[in-house]
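Visitor: Quick one: structure below, then a few questions.
Values in this text are rule-based calculations from the coordinates and carry no lab data. It should be emphasised that the depicted structure is a prediction, and the values quoted were computed from it without experimental measurement. Every residue, glycine among them, receives a Cβ derived from its backbone with ideal geometry; neighbour counts consider all protein chains shown.
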Amino acid sequence: MKIVGICGGSCSGKSTLVKNLEGIVKDMTVIHFDDYFIGKDKLVGRNITNWEDPSLYRLDDYLNTLKKLKQNEAVEIEANSRESRHEGIKTRLIKPNGTILVEGFLTFYVEESRRYFDKKIYLDISEEEIIKRRYERMKNGGGEYSDEYIQKTLIEEHRKNVLPQKQYADLVVDATLPIEEIIKRVSTFILED
C-alpha cells in the first residue's frame with residue numbers, strides 16, 4: 001500500500017485529475033480532504049466569512065486517518081464534503097490496500113501529515129488562473145461568491161496556506177497544461193516504484 005497526496009489551490013484541477021486517474025491507477029481509493037470539513041451542524045449561529053480557514057476542518061481526524069492507514073488499519077471517516085452530501089454518503093470506509101490517493105487544498109498543511117505520504121504532488125496554478133476558473137465554476141453552478149471573497153479572501157488564504165505546501169512536493173505540475181499531459185505526468189509518477 002502507498003499513500004499519495006495531491007495538493008493544489010482552489011480550481012487547480014485536483015478533482016478532475018483524480019477522476020481521470022481512477023481508470024489508470026488500479027486498486028485506488030480516494031480520500032477527499034473536504035470530507036474533514038467540520039460540518040454545517042457545527043456552524044449553526046456562526047457567520048463564516050472565510051471558507052478557506054483551516055480551523056473549519058477536523059485536522060486531528062485527518063492525521064489519525066493517515067496514521068492508522070500507515071499502521072495497516074482500516075478507518076471509517078465522517079464524510080462532510082459537498083460531494084459526499086450530494087451522494088448521500090455520511091461515512092466512508094478506507095481500507096489500507098493498493099494506492100490511497102488523498103486530494104485537497106490542505107493535504108500537506110499540517111507538518112505531521114507530510115511524513116505519512118509516499119509521494120507528494122502539487123498542482124501549481126497562478127492567482128490569476130484561480131480567479132478566472134472560480135468565476136467559470138460559478139457560471140456553471142459551482143456556488144456563489146462575491147468579487148471581494150474571490151479576489152481578496154480566497155487569494156490571501158491561497159498565499160498563506162496553500163502555496164507554502166508546494167515546497168514539500170516531490171512533483172510539481174503546472175495546472176494550466178492540457179489535462180492529458182497532467183494525467184500522463186502524474187500517473188507515471190504514481191506508478192513508478
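Visitor: Only four residue types carry charge here, +1 at the Cβ of Lys and Arg and -1 at the Cβ of Asp and Glu. Report the dipole size of the chain about the Cα centre in Debye, rounded to the nearest 20.
Guide: Result for the chain is approximately 300 debye, rounded to the nearest 20.
Visitor: Would you indicate which of [x] 17.6; [y] 17.2; [z] 19.2 is the value of Kirkwood radius over Cα pairs in Å derived from the coordinates of this structure?
Guide: From the options [x] 17.6; [y] 17.2; [z] 19.2, the structure gives [y].
Visitor: Under a point-charge model restricted to the Cβ atoms of Lys and Arg (+1) and Asp and Glu (-1), what is the dipole moment magnitude of region 129-193 relative to its Cα centre, in debye to the nearest 20?
Guide: Taking the Cα centre of region 129-193 as origin, the dipole is about 220 debye.
Visitor: Next question. What does the C-alpha gyration tensor say about the overall shape of region 103-193? Classify as rounded when a/c is under 1.5, otherwise prolate if a/b is larger than b/c, or oblate.
Guide: oblate
Visitor: What's the ranking of 175-183, 38-46, 8-16 by average number of surrounding C-beta atoms within 10 Å, highest first?
Guide: Taking the mean over residues of other Cβ atoms within 10 Å, the ranking is 8-16, 175-183, 38-46.
Visitor: Sum up the charges of everything whose Cβ sits under 9 Å from the Cβ of G98, counting Lys and Arg as +1 and Asp and Glu as -1, but leave G98 out.
Guide: That sum, taken over residues with Cβ under 9 Å, equals +2.
Visitor: Given the Cα-Cα distance of E156 and K95 and 0.36 nm per residue of separation, how much length would full extension add, in nm?
Guide: 18.4 nm
Visitor: What dipole magnitude, in Debye to the nearest 20, does region 38-150 give about its Cα centre under +1 on Lys/Arg Cβ and -1 on Asp/Glu Cβ?
Guide: 460 debye
Visitor: I've got another one for you. Roughly speaking, what is the stretch gain from V110 to K42, that is 0.36 nm per residue apart minus the C-alpha to C-alpha distance, in nm to one decimal?
Guide: In short, 22.3 nm is gained.
Visitor: Here's another thing I want to ask about it. For the charge dipole of the chain, defined by +1 on Lys and Arg C-beta atoms and -1 on Asp and Glu C-beta atoms about the Cα centroid, which residue among L43, L154, G141 has the Cα displaced farthest towards the positive pole?
Guide: Of the candidates, L43 comes out farthest on the positive side.
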